[in-house]
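S.K.: Pasting a structure below so you can have a look.
The values are calculated or read from the model by the stated rules, or taken from the named source; none is laboratory data. Treat the numbers as computed from the prediction; the structure is a model and nothing was measured. Using ideal geometry, Cβ is built from the backbone for each residue, glycine included, and neighbour counts are taken over all protein chains shown. The accessibility values were calculated without ligands, DNA or RNA, using every heavy atom of the protein model including side chains. Shrake-Rupley method; radii C 1.70, N 1.55, O 1.52, S 1.80 Å.
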Amino acid sequence: MNPTPEDILINITPQETRVALVAHAAVQELHIERSLERGLVGNIYLGKVARVLPGMQSAFIDIGLERTAFLHVADLWQRQAIPVPIEAASEAATAPPLQPIEKLIYEGQTLMVQVLKDPINTKGARLTTQISLAGRMLVHLPQDNHIGISQKIDGAELRTALRERMTALLAADAGDSQGFIVRTNAEDASDAELAEDIAYLRKTWAAIQQRAHVTSPSALIYQELSLAQRVLRDLVSDATRSVQIDSRENFELLQGFAAEYMPRVSSRLQLYRGERPLFETANVDEEIERALGRRVDLKSGGYLIIDQTEAMTTIDVNTGGFVGARNFDDTIYRTNLEATQAIARQLRLRNLGGIIIIDFIDMHNAQHRAAVLDELRKSLARDKVKVTVSGFSQLGLVELTRKRTRDSLAHMLLEPCPTCGGLGQVKTARTVCYEILREILREAKQFNPREFRIVGAADVIDLFLEEESQHLASLSDFIGKPVSLQVEPAFSQQQYDIVLT
C-alpha cells in the first residue's frame, strides 16, 4: 500500500518559522518556532576556562556570551563515566568517584562544551563536556563506545534485538565513534532509517571537530538545528512530494544543508514564488484558528468537543444534526466512525500529548465498538509520535496516551484569559450585583462614610437601575446611607469597586 502523498510548507519571517504538513488537502501537523524563544540548549562552543573554583568543584567558562557559563565537575566528561543524554539512561555499571576538578582542568584551557541549561536572570548557562548529538532515531555519544536503549522501550526481546541491529550496522560502517543511544521513536525503525541517522550524526560530529580546529576560543562551533532544518531531518519521508519554502535566503540555506547531510531530500526542495502567501494556498491560518477552538465540526453534522487540562485532554463525540442513517444505532455508529479520523488528525494538528480520554457516543453493539476501535487505531497509525490505545472501559470511554514531544499548539499561541482566569466562564451580572450588595453591608458595619459609590461594568450598573433597583434601595434604607452608581467602560463584568466618600 503506497503512503499518502504529503507536502510540507515552510513560512519563514524574521520573527518566527511556521511549518504545515498537508495531506488529503488538509493540514495534518503544525510546527511553530519563534526567534525570541529559541534558546541555547544543545549548542556547542569552544570555551576557554576563565576561573577554576576548587571549593565549589566547578569552573566558569567563557563561551563568548555576556556572562560566563558554569561547569560543574559532575558534568565534566571523564573516560570512566558514561553520560546520560536526553531520553536515555545508561546501562553501564556505576562510575568510579570523580576526580577533583582542579586536577582535570586549568585556567586558560580550551574546552569543547555543550549547553545544558539556558542562562536565567543573572545566572550564566550551565555546560557539560559530555557531548551528545540528537538525531531522528538516535543520540550520538562521540566520546564513548556504548550502545544504549531508551528506558521507555519496553520488552527485553525488543531491546536485545535493537542492540543487535545497531551493533551490526556499526560494524558494517567502519568508524571510530561507536557511542549511540536508541530513542523511543526508533522502536519501529527500519535498518535503512537507522543507518541514515548514523551517517547523519557521524557527519555532523566530523564537521564539529573540523570547526573546532580552526575556530578561536570563546566561539560557537555548532548551533542546534533550526525548525526548518529539523523538518528536513525528521519529517521528510518517502511520502513527501515537496518541501516548499517562501524565503529565497532560507531556501538556499536549506539546499546547502540538505546537499551536505541528506542528499535524498534535495530534489524535493522548492522555492515558492506564488503571488498569494504560501499558507493561504492551503488555508493554514484558518486551520490554526479552528485548532484553537473547543468545537470541531464533522462533515456529517456531528461534532467533537476538545478540552485540554493540566492532567489530561478529553474529547466528547456528539451526533449534533446528523440524522441521516436508517436507525438511531446506525447513526451513532457512523458518527463515531467519522470521529475516529477527525480525532487522529486533531491530535497531530494540536500536538496533544499525555493522557487522552475519548467519550464516544454509547454503542450497545459489540461489533460496532470493535470496528470503531479498529478504525481509531488505523487512523492513529499515520502519527509519527508514539500512541498507545486501550480498549473501551466499563464506562464506555477509550483511553490513549500520546508521547509529549513539544508544547501543544494552544500552550504556544494562547494564554489564560485575564477576565475569567482560564475558566472559560465569567460570573453573571446578577451574581456580581449580589456580591456588591453583601460587600456594602460588610463595609457599612466597619466604616461610616457619607456615601457608597458602586463603580462597575455597564451590564451590572444597568441591572441595579432596573431589576435590582428595589434591592439596592432597601439596602440603602437599612444602612442609612445613599448609594450612587457609576459605569466604568474599562471594567470586565466581574470587576467592580466600592468607593467610600
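S.K.: Out of all the residues in the stretch 387-413, which are over 23 Å from the mean Cα position of the chain (by Cα) and open to solvent by less than 70 Å² (accessible area, probe 1.4 Å)?
M.R.: If the condition is that a residue be over 23 Å from the mean Cα position of the chain (by Cα) and open to solvent by less than 70 Å² (accessible area, probe 1.4 Å), then Ser390, Gly391, Phe392, Ser393, Gly396, Leu397, Val398 are the ones that fit.
S.K.: I would also like to ask the following. Identify the residue in the stretch 366-386 that is at pLDDT below 90 and either open to solvent by less than 50 Å² (accessible area, probe 1.4 Å) or not aliphatic (A, V, I, L, M) (or both) and, among all such residues, is nearest to the chain's Cα centre (by Cα).
M.R.: Among them, the one singled out is Val385.
S.K.: Same structure again: If I go through the stretch 263-286 residue by residue, how many of them are exposed (fewer than 12 other Cβ atoms within 10 Å of the Cβ) and outside any helix (DSSP H, G or I)?
M.R.: 5
S.K.: Does the stretch 414-433 hold any residues that are surrounded by 15 or more Cβ atoms within 10 Å (Cβ to Cβ) and either hydroxyl-bearing (Ser, Thr, Tyr) or assigned to a helix (DSSP H, G or I) (or both), and which are they?
M.R.: Residues satisfying the conditions are Ala429, Val432, Cys433.
S.K.: Do you know which residues across the stretch 336-362 are in a loop (DSSP other than H, G, I, E, B) and open to solvent by 20 Å² or more (accessible area, probe 1.4 Å)?
M.R.: Correct list: Ile361, Asp362.
S.K.: Given the condition open to solvent by less than 40 Å² (accessible area, probe 1.4 Å), closer than 19 Å to Lys384 by Cα and aliphatic (A, V, I, L, M), answer yes or no: does some residue in the stretch 151-161 qualify?
M.R.: Yes, there is a match, as at least one residue in the stretch 151-161 is open to solvent by less than 40 Å² (accessible area, probe 1.4 Å), closer than 19 Å to Lys384 by Cα and aliphatic (A, V, I, L, M).
S.K.: Now for a separate question. With Glu260, Glu289 as the choices, which residue is at pLDDT below 90 and either surrounded by fewer than 16 Cβ atoms within 10 Å (Cβ to Cβ) or within 30 Å of Ile356 (Cα to Cα) (or both)?
M.R.: Exactly one residue qualifies, and that residue is Glu260.
S.K.: Can you tell me which residue in the stretch 192-229 is modelled with the lowest pLDDT, limited to those that are crowded, with 20+ Cβ neighbours inside 10 Å, under 24 Å from the mean Cα position of the chain (by Cα) and over 28 Å from Ile61 (Cα atoms)?
M.R.: Filtering the stretch 192-229 for residues that are crowded, with 20+ Cβ neighbours inside 10 Å, under 24 Å from the mean Cα position of the chain (by Cα) and over 28 Å from Ile61 (Cα atoms), the one modelled with the lowest pLDDT comes out as Asp197.
S.K.: Within the set of pairs 6+ apart or on separate chains, which have a first residue in the stretch 443-459 that is at negative phi and of a type in the set (Phe, Trp, Tyr), a second that is open to solvent by less than 30 Å² (accessible area, probe 1.4 Å) and in a helix (DSSP H, G or I), and C-beta atoms under 7 Å apart?
M.R.: Sorted first by the residue in the stretch 443-459, then by its partner, the pairs are Phe452/Ile440.
S.K.: Give the residue that is least open to solvent (accessible area, probe 1.4 Å), with candidates limited to residues of the stretch 97-142 that are touching a His at 6+ places or on another chain (Cβ under 9 Å), closer than 11 Å to Ile61 by Cβ and of a type outside the set (A, V, I, L, M).
M.R.: If we take residues in the stretch 97-142 being touching a His at 6+ places or on another chain (Cβ under 9 Å), closer than 11 Å to Ile61 by Cβ and of a type outside the set (A, V, I, L, M), then Thr128 is least open to solvent (accessible area, probe 1.4 Å).
S.K.: Return the residues of the stretch 431-447 that are of a type in the set (Asp, Glu) and over 12 Å from Gln493 (Cβ atoms); say none if nothing qualifies.
M.R.: Within the stretch 431-447, Glu439, Glu443 meet the criteria.
S.K.: Does Leu437 meet the test of being at pLDDT 95 or above and open to solvent by less than 60 Å² (accessible area, probe 1.4 Å)?
M.R.: It is true that Leu437 is at pLDDT 95 or above and open to solvent by less than 60 Å² (accessible area, probe 1.4 Å).
S.K.: Filter the helices (runs of 4 or more DSSP H) completely within the stretch 156-240 down to those with at least 2 residues that are over 30 Å from Leu30 (Cβ atoms).
M.R.: 156-172, 191-214
S.K.: Another question about this same structure. Among residues belonging to the stretch 1-47 that are among the basic types (Lys, Arg) and surrounded by fewer than 20 Cβ atoms within 10 Å (Cβ to Cβ), point out the one that is modelled with the lowest pLDDT.
M.R.: Out of the qualifying residues, it is Arg38.
S.K.: Sticking with this structure for a sec: Would you confirm whether any residue within the stretch 461-481 is more than 22 Å from Cys417 (Cβ to Cβ), touching a strand residue (DSSP E or B) at 6+ places or on another chain (Cβ under 6 Å) and in a strand (DSSP E or B)?
M.R.: no
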